[in-house]
Amino acid sequence: NAGVTQTPKFRILKIGQSMTLQCTQDMNHNYMYWYRQDPGMGLKLIYYSVGAGITDKGEVPNGYNVSRSTTEDFPLRLELAAPSQTSVYFCASIYSPGNTEAFFGQGTRLTVV
Amino acid sequence: SQELEQSPQSLIVQEGKNLTINCTSSKTLYGLYWYKQKYGEGLIFLMMLQKGGEEKSHEKITAKLDEKKQQSSLHITASQPSHAGIYLCGAANDRGSTLGRLYFGRGTQLTVWP
């Protein structure tokens with residue numbers, strides 16, 4: 001059972017470039033999340049999804065886009081990378097928020113130069 | 001929206017000492033999570049609390065959820081260097097327009113020196 005898989009693990013982008021962070025889970029969870037973690041800080045919610053075809057903004061959605069065409073996949077898109085998006089990104093999934101454990105990917109360390 | 005305040009932001013203790021980390025919510029908690037993170041790594045699930053007054057333990061770590069379900073504490077007994085890391089509390093929204101959201105606090109950085 002792979003759990004939540006994020007790719008890539010590391011990436012360096014130039015300002016203005018775009019990229020997609022991939023997130024896949026094999027637990028058939030409806031709920032999926034993207035967070036960013038800045039140095040010395042907690043997790044800030046970027047976007048989340050309560051099921052295939054449904055996405056919603058979190059606390060810090062500006063500069064990002066998501067899609068949820070399948071239950072398994074929840075990619076995060078950065079269209080015009082900016083230095084402020086340098087961070088560690090975590091994807092998570094959960095069966096029932098508040099009732100079951102949330103599973104996290106290993107993170108993607110992104111640097112924008 | 002759900003706000004989770006963690007205190008202290010950082011903690012430095014000598015090995016063998018006890019310590020407590022607090023997580024306070026602006027609203028009633030419907031599921032409170034504690035995770036641990038080693039520097040540069042992913043998140044490790046510690047425990048989840050749901051009922052007011054509930055207490056759970058795992059090895060030397062105990063977490064409690066108060067009766068009003070607006071505050072949780074994480075207590076480590078006889079701390080060890082292996083306990084060092086960032087401790088994060090999280091909570092879920094179970095109603096309203098933000099149903100399904102999963103929030104986290106800013107984290108508490110724990111350093112344990114020998």
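Values quoted throughout were computed directly from the atomic coordinates according to the rules given, and no laboratory measurement underlies them. Given the structure is predicted, the values throughout are model-derived calculations rather than measurements. Ideal geometry is used to build each Cβ from the backbone, glycine not excepted, and the neighbour counts take in all protein chains shown.
FRET efficiency for the pair residue B:68 and residue B:10, taken as 1/(1 + (r/R0)^6) with r the Cβ-Cβ distance and R0 = 22 Å, rounds to 0.20. Please identify which residues in the stretch B:1-29 have an amide N closer than 13 Å to a label point set 7 Å out from the Cα of residue B:113, following the Cα→Cβ vector. Correct set: B:11-15. Summary of the geometry: the stretch A:17-44 and the stretch A:55-100, compared by the centres of their Cα atoms, lie 5 Å apart. Taking the DSSP bridge list for the protein assembly as shown and keeping only pairs wholly inside it, about 90 percent are antiparallel.
Under 5 Å from the amide H of residue A:68 lie the amide H atoms of A:53, each residue being 5 or more positions distant or on a separate chain, with H modelled from the backbone and absent for Pro and chain starts. Rg/Rh for chain A (Cα atoms only, Rh after Kirkwood) is 0.95.
What does the charge add up to near residue B:49, with Lys and Arg as +1, Asp and Glu as -1, over the other residues with Cβ less than 11 Å from its Cβ? Walk me through the numbers on the way to the answer.
Working: positive: B:51, B:56, B:64, B:69; negative: B:54, B:55, B:66.
So the surrounding residues net to +1.
Loop sites by DSSP among the trypsin sites (Lys or Arg not before Pro) of chain A, restricted to those with at most 12 other Cβ atoms within 10 angstrom, leave A:15-113 as the longest stretch without any of them.
Label-to-label distance, residue A:95 versus residue A:70, with points set 7 angstrom from Cα along the beta-carbon direction: 2.2 nm.
Mean projection of the Cα convex hull over all viewing directions, computed for the protein assembly as shown: 12.0 nm².
In a DSSP loop and with at most 13 other Cβ atoms within 10 Å, the chymotrypsin sites (Phe, Trp or Tyr not before Pro) in the stretch B:1-54 are B:39. Is the stretch B:66-107 rounded, prolate or oblate when judged by the Cα gyration tensor, a ≥ b ≥ c being the square roots of its eigenvalues, rounded requiring a/c under 1.5 and prolate requiring a/b larger than b/c? The shape class here is oblate. Here the gap between residue A:56 and residue A:79, fully extended at 0.36 nm per residue and compared with their Cα-Cα distance, gives a gain of 6.5 nm.
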